[in-house]
Amino acid sequence: MKKTLLALGLAAAMPTFAADYTDGDTHKNDYKWMQGNLMYSIDEAPRIKGADENGHDYFELEFGGRSGVLDFYGYVDFFNLTSSENSDKGNGTSRVFAKLAPRLSLDGITGKDLSFGPIQEVYLATLFNIGGGSIATEADGDGDLYNAFVGVGSDVSVPWLGKVGLNAYALYDVNNKDWNGYQISANWFKPFYFFENGSFFAYQGYFDYQFALKDEYSTSSNGGAWFNGIYWHSDRFSLGYGLKAYKDVYGIKDGVNFGFGEFESTGVSHYFAAIYKF
C-alpha cells in the first residue's frame, strides 16, 4: 500500500505501537516514497580553514519505504549542478555521494514479537556510504570513500518525538579492507504544527556518532554530526532549513593539517531545501 509523506507525517504524530508479524503477513505495512531535494549548504564540514568558497548547491534524490521484512532508506547527492568556480565541491572531489541504509526486520523474519519496553521492532541494520570524498590518484591509491556498516537496529518509542530509528554499527573501511571503530545513529520525523489544509511543520533530523576509531585511519578517535531541521510539508511540496553541528566529524581532528591547509571539522553549517515529492 502506497502512502504519501503527508500520511506518514500524520501517522508519526500519533501514538506508536510495536510491530506485529505473528500472523505471517509481512507485507501489510508496505509503503514507498521518493522525493527530489534542491539543496544549498553553507560552511559544510570538513572544509579547508579560511577557504573563500564555503557553500555549494546540489540535487538530492531521496527515497525510502517498506517491503515485507525490508526497511529501506537512501539518497544520492549530485554536487555543484552549475559547475560554479565559487563552489567548494567539484575541484578534486567527487561530484556524487550515496547513502544506502537497508535494514532487515528480525520480527518479520522470525515471525515473533521481539518488542520490549520502548523497543517496537528489532533489525539487522546495514549502512553504506559511497563517494563524496577526494578523487583517487595513482600516488594515494585509496579511491573515493567507501564505508560499510553492519550492526543492530531498532525502532524506539520516544516521548514527544514518537518513533525514532536507533542503530549501532561496526564500521568496515572497504578501501583499506579493515574494521575501524563503531557508529551510533538515530533519525526522527516529528510533525508538531498542523494547518487546516493538512500541511504541517515538522522537526526532523538525525545524529551520527563515531568512536574507537583507529589511529592509522583517523586523527581523532571519535567525532560526529547532529542535524536539526524545521520543514513545512504539504502533500506534494516541502520547504525547510537545517542547522548541522559538528565535532571532529568523520574522525578528522579540528585544525589538523594534511599538507594543503588546516581542516575545520568542528562547528555549524546551514542547509536550505526546496522539495518536490513524487
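Odds and ends about this structure:
- Any chance D155 is assigned to a strand (DSSP E or B), without any contact (Cβ under 8 Å) to a residue 40 or more places away in the chain and not hydrophobic (A, V, I, L, M, F, W, C): no
Rundown of residues vs (1) free of Cβ contacts under 8 Å to residues at least 12 places away in the same chain; (2) surrounded by fewer than 17 Cβ atoms within 10 Å (Cβ to Cβ); (3) out of contact with any Gly (no Cβ under 9 Å at 6 or more places or on another chain); (4) closer than 28 Å to G251 by Cβ, yes/no style:
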{"site": "D30", "(1), (2), (3), (4)": "no, yes, no, no"}
{"site": "G36", "(1), (2), (3), (4)": "no, yes, yes, no"}
{"site": "E44", "(1), (2), (3), (4)": "no, no, no, yes"}
{"site": "I48", "(1), (2), (3), (4)": "no, yes, no, yes"}
{"site": "E62", "(1), (2), (3), (4)": "no, no, no, yes"}
{"site": "R66", "(1), (2), (3), (4)": "no, no, yes, no"}
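- Within region 226-272, considering residues that are among the basic types (K, R) and at pLDDT 95 or above, the one surrounded by the fewest Cβ atoms within 10 Å (Cβ to Cβ): R236
- Among the candidates A202, A148, residue that is of a type in the set (A, V, I, L, M, F, W, C), in contact (Cβ under 8 Å) with a residue 40 or more places away in the chain and under 22 Å from G64 (Cα atoms): A202
- Matching option when the condition is surrounded by fewer than 17 Cβ atoms within 10 Å (Cβ to Cβ), more than 17 Å from E62 (Cα to Cα) and at pLDDT 95 or above, among Y217, Y193: Y193
- V76 meets each of the listed conditions (1) assigned to a loop (DSSP other than H, G, I, E, B); (2) under 22 Å from F272 (Cβ atoms); (3) among the β-branched types (V, I, T) apart from (1).
- Sole exception among (1) small (G, A, S); (2) buried (at least 17 other Cβ atoms within 10 Å of the Cβ); (3) closer than 18 Å to I42 by Cα; (4) within 16 Å of the chain's Cα centre (by Cα) for G223, by number: (3)
- Unique residue being exposed (fewer than 15 other Cβ atoms within 10 Å of the Cβ), at pLDDT 65 or above, over 20 Å from L81 (Cα atoms) and among the hydroxyl-bearing types (S, T, Y) when the list is T26, T22: T22
The values are calculated or read from the model by the stated rules, or taken from the named source; none is laboratory data. Remember, it's a predicted structure, so these values are computed and weren't measured experimentally. All Cβ positions, glycine included, derive from the backbone under ideal geometry; neighbour counts span all protein chains shown.
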